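The values are calculated or read from the model by the stated rules, or taken from the named source; none is laboratory data. Predicted, not measured: the structure shown is a model, and the values here were computed from it. Using ideal geometry, Cβ is built from the backbone for each residue, glycine included, and neighbour counts are taken over all protein chains shown. Just so you know, the surface numbers come from the protein's heavy atoms only, side chains and all, with ligands and any DNA or RNA stripped out. Shrake-Rupley method; radii C 1.70, N 1.55, O 1.52, S 1.80 Å.
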There are 2 protein chains.
Amino acid sequence: MSNSFFLKGDICWSASPHSLHTIEGGFLLCKDGKSGGVFSEVPKAYEAVPVKDFSGKLIIPGLTDLHIHAPQFAFRALGMDMELLEWLNTHTFPEETKYRDLDYARKAYGLFVDDIKKGPNTRLCVYATIHVPATLLLMDMLEESGLVSFVGKVNMDRNSPDSLREDDSAAATRQWLESFSKGRGGGRGPYKNTAAILTPRFTPSCTDGLMKSLAEIQKKGGLPLQSHLSENLKEIEWVKELCPASENYGAAYADLGLMDGPTIMAHCVWSDKKEMELLAEKNVYIAHCPQSNTNLSSGIAPIRRFMERGIPVGLGSDVAGGSNTSIFRAVSDAIAVSKLRQVLVAPDEKALTLEEAFYLGTAGGGAFFGKLSGTDFGAAGSFDEGWDFDALVIDEGNLADTVGRSIRERLERAVYLSDDRHIAGKYVRGVPL
Amino acid sequence: MSNSFFLKGDICWSASPHSLHTIEGGFLLCKDGKSGGVFSEVPKAYEAVPVKDFSGKLIIPGLTDLHIHAPQFAFRALGMDMELLEWLNTHTFPEETKYRDLDYARKAYGLFVDDIKKGPNTRLCVYATIHVPATLLLMDMLEESGLVSFVGKVNMDRNSPDSLREDDSAAATRQWLESFSKGRGGGRGPYKNTAAILTPRFTPSCTDGLMKSLAEIQKKGGLPLQSHLSENLKEIEWVKELCPASENYGAAYADLGLMDGPTIMAHCVWSDKKEMELLAEKNVYIAHCPQSNTNLSSGIAPIRRFMERGIPVGLGSDVAGGSNTSIFRAVSDAIAVSKLRQVLVAPDEKALTLEEAFYLGTAGGGAFFGKLSGTDFGAAGSFDEGWDFDALVIDEGNLADTVGRSIRERLERAVYLSDDRHIAGKYVRGVPL
C-alpha cells in the first residue's frame, strides 16, 4: 500500500460519453499510479491508506490535448486574420525554422512546457519541428515536467520552404528514434512519460516515397502516427491534385499504408460519408480542434456524426491555430461551434452537451494513450478502476457565486470560467506535479 | 493644469473603424477627465504636467459593454444547453425573482461590481430587474465603483411569471426615476457616473400600453432606451403573432414610438434588409453579443452588413447568455463568429479584422455615451482629443514570448489571451480605479 493514497473531494468523471458520475465528499483511490476506483467511504481494507483532504473542492480527471504544435506556442494569438495555407507560409514556417537553433528552442520550449504544466492538461500529443536535436530537447523537457506526452519529429520533404525541406526525412526519423531509445538528458536513461509518434506534417508536404518509408518504420516499431486531415477547403483541393488516384484525402494516407497502426488525424472538418467510413474502419482517433478551425476560417467539424459512427474523438488546442492551450477552452468551444453548426447548416446534428464535450476532453482523447505497445502508460481521463491516475483538483473559491451548486453545475462553471489560478492540485500517473 | 497628467507607454487606439494608431513610448494627456491627445514627446506648454510612467506597457482605451444583465452574473456559465425561451424560464426568471430581497441583491450585485471593476471594461449598459429598490442599490454600487454606466429598471407586464409581472410597470418606472434624481445613498446626491436608461425587456413581455407610456416618459426626459431585437427564431415568430400589424420585430418597437430617442438594441442576429433599413434610419446602436448568440444557439449576426450601412455597432457580453464579462473576449468572439458566418453561410460577408472588432469594443460602443443629454459624460473608447479619458494599462509581462512584438501584435495577443492579471492600470474619466 506504500504507493497508495486517497483524494477526498467532490468527484466527477464520465460514466459514458453522454453522462457523468458525481460523488460529493467521495474518496478516489490511487494505487501504483492507477485509479483504484471511487468510494463514498474509505473501505475497511484501505483504512491505513493516507487521505489527502480536498473537501469542498472539485476533483476531475486530467485533460488530454490530442493535437498541439509546441514550436507554435511562441506566436499563439497572432496573425489570426488569415486562412491555413497563407498562415503557414507567413507565420508558421518562418517560426519553425528557428528551431534549428538549440538555444532558441530551449527558451521557447521552456515557455511552452511551463504553460502546460500550470494548466489543466495532463497529456498531450505534440508536433515538434523537423529538427532532431530540438525534438529530443523538447522530449527531455516534457519528461522533466512530469506530463505524459507523445512527441513527433515532423516530416517534410516537398512543398515546403528550403529551410524546412528535408533531403532524407526518413533517415532523419530513424536517427531520431535511435537516439532517444538509447537514453538522453545526461544519462537519465529511457523516458518514462514521453514516447515517440510518427508525424508526417500533411500530405502536401510529404512525398509518396517518404510516406511509404514511414509506414515501414511504423510496422517495425509499432509506433503511433499523427497527421492532419481535411482541415481547409483549399488544402483539400490541393491534395486532390497531388493524389488524383485516391478516393479522398483520408485515402491518400491509407493508400500508402499510414492508417494501419494507432492513428490520430487532426481536424476532419470536411470529411464526407466515404471518408468517415474509412476513419471508422481504421479506428482513427479524430483530434477535434474547434478554436483553431474557427480562427483559421476552416469550418466546423461534424462531431455528432463521428460519435454516431463510433469513431473515437478527442479534443486538441492546435496551438497556434488555436490560441489557448487549456482543454477546458476546447470543451466549451466544442459545445459552442456544435450549436452554430446545428443552427446554421445541419439542423439534424444535435449540438454537443456539456457531458459529451467533457467526455471528449478527458476519456475520449485520453483513451488513445492506452492503445499503445512499447509504452507502459495506460489510458487516462476516467476514474474507473485501472485507468491511469491523472487528476485535477479545482478550487472554485473565487468563481463568485451566491448559492450552493451541484457538482454538475460546478463542472460546467469550471469548464467555462476557470483558469490556472483555480487548479489546486494536479496529478499525473499518481504523481503530484 | 492641476487636473492634468500624462500616461507614458506604448499607445494604441482606433484611427478609424478599420485601422489603428500606434505610438511607441508616447504620451497620452488627460485634462479634466478628457483626452488632451497623444504626443510623441511632451509639448513645451505641458512640461509642468506630471507623467505617470508605464514605459513598455500597452495603453489602450477602456472597453464598453453595451449589453449586460447584472442579476444574471450569479448564474453565468450555467445551463448552457438550452435555447433562449427555455433558458429564460428555467434559469433567468427564477434568479431575477430573488432581487425583491435587498439582502440577496446586495450580495449578488457586490460580486458583479467587483468582477467588472477588476476587468477591462470601463463602461456598461446594464439591465437590472423589475425591482425599484434593488435597481437603486445597483446604481449606488456602480456609482461607488467609479465605473460609468447606464442602468435600467426592467419593464415586464405580460407573458412573465407571476413573480416578475408588474401591475403598473410605467408607474414603477416613474417612481424609480424620481427617487434617484433626488439623490440616493445616504445623501450622496445625484450620481456623477451613473444614469438611467429605459429598459422594456422585449416585446413579448411588455403590453402595447406599457410601451406607449415608456415612449411618453422618454419624450419628457430625453432618456435613452435599451431592449432586445431579433435574437432567436422562435422569439421572432412569437413577436409576429403578438404584433401582426408590424412589418417586422424592429417595427414592433418603432410603431409604438420606441426608437425615437437614443436606442440600443441587443443581438439583431436575424435582422433582414427591411429591419436593417429601419435601424439605419433610426440610428439605433446594435449591441453585438457573439458569445451569448452562440451559447443560446441563436445564430451569428450580420455585423459586416450593419457596418456597411453605417449602423452603429458596439459589443456586449450579455451575461449570462454570455459567460465572460470581459469585452476582450467579445472582441475575439466577434472575429471568430464572423469567420464562421463567412465560411458557412455568407461568403460575400468578409470576416471582421482585429482592427474592426477592437473598434467595436472601444469607440464603437463607447460612442453611445456621448449622445446623451442629461448626463455630463462624453463618448469613450478613443484617445482623440475631447473624448472621455477611459484608459487601460496592459502589462503583458507574463504573456510569454520569445521576441519583441509590434504594438499591433501585442494588442492582438492581449485581446486573445489577457485576463485581469494583466491590467496594470485602469482609468475612468481620468480617475484611476
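When the accessible area of chain B is computed with all protein chains present and a 1.4 Å probe, what percentage of it is carbon and sulfur?
Numbers: 7140 of 14660 Å².
For chain B, the apolar C and S fraction of the accessible surface comes to 49 percent.
Relative to the other copies, what are the label-point distances for residue A:4, with labels 7 Å from Cα along the C-beta vector, expressed in nm at one decimal and sorted shortest first?
Spacings between copies for this position, smallest first, are 7.6 nm.
Between the stretch B:327-346 and the stretch A:87-143, what's the alpha-carbon centroid distance in Å?
Cα centroid of the stretch B:327-346 versus Cα centroid of the stretch A:87-143: 29 Å apart.
Restricting to bridges with both residues inside chain A, how much of the DSSP beta-bridge set is antiparallel, in percent to the nearest 5?
Working: 28 of 61 bridges.
For chain A, the DSSP antiparallel bridge percentage is about 45.
What are the residues of the stretch A:97-132 that lose 10 Å² or more of accessible area, with a 1.4 Å probe, going from their chain alone to all protein chains?
Buried on complex formation: A:98, A:104, A:107, A:111.
May I ask you to list the aspartates and glutamates whose Cα is less than 13 Å away from that of residue A:34, ignoring any residue fewer than eight positions away on the same chain?
Reachable aspartates and glutamates: A:376, A:384, A:385, A:388, A:390.
Anyone know which of B:293, B:398, B:324 comes out most mobile in the 10 Å Cα GNM of chain B?
B:398
I'd like the antiparallel share, as a percent to the nearest 5, of DSSP beta bridges with both residues in the protein assembly as shown.
Working: 56 of 122 bridges.
Given both bridge residues lie in the protein assembly as shown, the antiparallel proportion sits at roughly 45 percent.
Give me the dipole magnitude in Debye, nearest 20, for the stretch B:202-275 about the Cα centre, with unit charges on the beta carbon: positive for Lys and Arg, negative for Asp and Glu. It would help to have the intermediate numbers written out before the result.
Working: 7 positive and 11 negative charges, 42 e Å.
Rounded to the nearest 20 debye, it is 200 debye.
If I take the Cα coordinates of the stretch B:46-136 and project them onto the principal axes, what are the three extents in Å, biggest first?
59, 31, 18
For the pair residue A:348/residue A:163, report the inter-label distance in nm, with labels modelled 7 Å from Cα in the Cβ direction.
A separation of 5.0 nm, rounded to one decimal place.
More than 40 angstrom separation, counting every C-alpha pair in chain B; what % is that? Let's see the in-between values first.
On the way: 13429 of 93528 pairs.
Looking at chain B, the distances longer than 40 Å represent 14 percent of pairs.
For chain A, what does -39500 (n - 2.57) per DSSP helix run (n ≥ 4), summed and divided by total residues, give at 222 nm, in deg cm²/dmol to the nearest 500? Display every interim value, and only then the final one.
Values: 14 runs with 140 residues, N = 433.
About -9500 deg cm²/dmol.
Rg/Rh for the protein assembly as shown to two decimals, with Rh computed the Kirkwood way over all alpha-carbon pairs. Display every interim value, and only then the final one.
Details: Rg = 27.9 Å, Rh = 28.3 Å.
A ratio of 0.98.
Take the alpha carbon gyration tensor of the stretch B:344-433, find the square roots of its eigenvalues, order them as a ≥ b ≥ c, and report rounded if a/c is under 1.5; if not, report prolate when a/b exceeds b/c, else oblate. Before the final figure, lay out each step's value.
Details: a/c = 2.60, a/b = 1.17, b/c = 2.22.
Oblate, since a/c reaches 1.5 and b/c is not below a/b.
Compare each residue of the stretch A:388-403 in its chain alone against the assembly with all protein chains, and report those whose accessible area goes down by 50 Å² or more; 1.4 Å probe, heavy atoms.
Buried on complex formation: A:400, A:402.
Magnitude of the Cβ-charge dipole of the stretch B:289-380, K/R +1 and D/E -1, about the Cα centre, nearest 20 debye?
Values: 8 positive and 8 negative charges, 30 e Å.
The dipole of the stretch B:289-380 has a size of about 140 debye.
Any idea what the relative contact order of the stretch A:341-433 is, in percent, if you count C-alpha pairs under 8 Å spaced at least 6 apart?
22
Can you give the relative contact order of chain A as a percent, counting alpha carbon pairs under 8 Å and 6+ residues apart? Could you put the intermediate results ahead of the total?
On the way: 958 pairs, mean separation 90.7, N = 433.
RCO, chain A: 21 percent.
Between the alpha-carbon centers of the stretch B:192-248 and the stretch B:260-307, tell me the distance in whole angstrom.
One Cα centre to the other: 14 Å.
Which of A:280, A:105, A:245 ends up with the largest GNM mean-square fluctuation for chain A, with Cα atoms connected below 10 Å?
A:245
Under the classification rounded if a/c is under 1.5, otherwise prolate if a/b is larger than b/c and oblate if not, where does the stretch A:22-63 fall, given a ≥ b ≥ c as square roots of the Cα gyration tensor eigenvalues? Walk me through the numbers before you get to the answer.
Details: a/c = 1.75, a/b = 1.22, b/c = 1.44.
It is oblate, given that a/c is not under 1.5 and a/b is not larger than b/c.
Mind checking the alpha-carbon convex hull of the stretch B:5-101 and giving the volume per residue in Å³?
186
Using all alpha carbons of the stretch A:248-294, what is the percent of pairwise distances in each 5 Å bin, ordered from the shortest bin to the longest?
Calculated P(r), rounded to whole percents: 5, 22, 34, 22, 12, 4, 1.
What is the spin-label model distance, in nm, from residue A:308 to residue B:144 if the labels are put 7 Å beyond Cα along the C-beta direction?
Result: 5.4 nm between the two label points.
Cα gyration tensor of the stretch B:303-386, axes a ≥ b ≥ c as square roots of the eigenvalues: rounded (a/c below 1.5), prolate (a/b > b/c) or oblate? Mind dumping the intermediate values first?
Numbers: a/c = 2.25, a/b = 1.63, b/c = 1.39.
The shape class here is prolate.
Note down the nm distance, to one decimal, between modelled labels 7 Å out along Cα→Cβ at residue B:3 and at residue A:420.
4.3
Build a GNM of chain B with springs between Cα atoms under 10 Å: which of B:11, B:407, B:130 gets the top mean-square fluctuation?
B:407
Specify the longest stretch of chain B that does not include any exposed loop site, a site being one of the GluC sites (Glu not before Pro) with a non-H, G, I, E, B DSSP assignment and at most 11 other Cβ atoms within 10 Å. Write down the numbers at each step before the final one.
Numbers: sites that count: B:41, B:47.
With a cap of 11 other Cβ atoms within 10 Å, the longest stretch comes to B:48-433.
Roughly how much accessible area, to the nearest 100 Å², goes out of reach of solvent when A and B pair up, both sides summed, probe 1.4 Å?
On the way: alone 16780 and 16840 Å², together 29270 Å².
Rounded to the nearest hundred, the buried surface is 4300 Å².
Other chains near A:325-338: what is the mean number of their Cβ atoms within 10 Å of each residue's Cβ? Numbers along the way, then the final one.
Details: counts 1, 0, 0, 0, 0, 0, 0, 6, 2, 0, 4, 11, 4, 1.
For peptide A:325-338, the averaged partner shielding equals 2.
Take the cross-link list A:282/A:339; A:107/A:192; A:219/A:426; A:57/A:117; A:240/A:282 and give me the ones stretching past 30 Å between alpha-carbons. List each step's numbers first, then the result.
Details: A:282/A:339 28 Å; A:107/A:192 23 Å; A:219/A:426 36 Å; A:57/A:117 20 Å; A:240/A:282 21 Å.
Going by Cα-Cα distance, A:219/A:426 fall outside the 30 Å limit.
At 1.4 Å probe radius, can you tell me the per residue accessible area of chain A in Å²?
On the way: 14610 Å² over 433 residues.
Value for chain A: 34 Å² per residue.
To the nearest whole number, what is the average tally of beta carbon atoms from other chains within 10 Å of the beta carbons of peptide B:290-296?
Working: counts 1, 3, 0, 3, 8, 5, 2.
Per-residue shielding by partner chains comes out at 3.
For residue A:48 and residue A:280, compute 0.36 nm times the residue count separating them, minus their Cα-Cα distance, and round to one decimal in nm.
Working: separation 232, 0.36 × 232 = 83.52 nm, distance 4.64 nm.
So the chain would gain 78.9 nm between residue A:48 and residue A:280.
Every other copy gets compared here: list the nm distances from the residue B:174 label point (7 Å along Cα to Cβ) to its counterparts, shortest first, one decimal.
9.2
If the viscosity is 1.306 mPa s and the temperature 10 °C, what Stokes-Einstein diffusion coefficient in µm²/s follows for the stretch B:218-279 when Rh is the Kirkwood radius over Cα pairs? Provide the component values of the computation, followed by the final result.
Working: Rh = 12.0 Å.
Approximately 132 µm²/s, per Stokes-Einstein.
Inside 10 Å of the C-beta atoms of A:411-419, what's the mean count of C-beta atoms belonging to other chains?
Working: counts 0, 6, 6, 1, 3, 9, 5, 1, 3.
Mean partner-chain Cβ count within 10 Å for A:411-419: 4.
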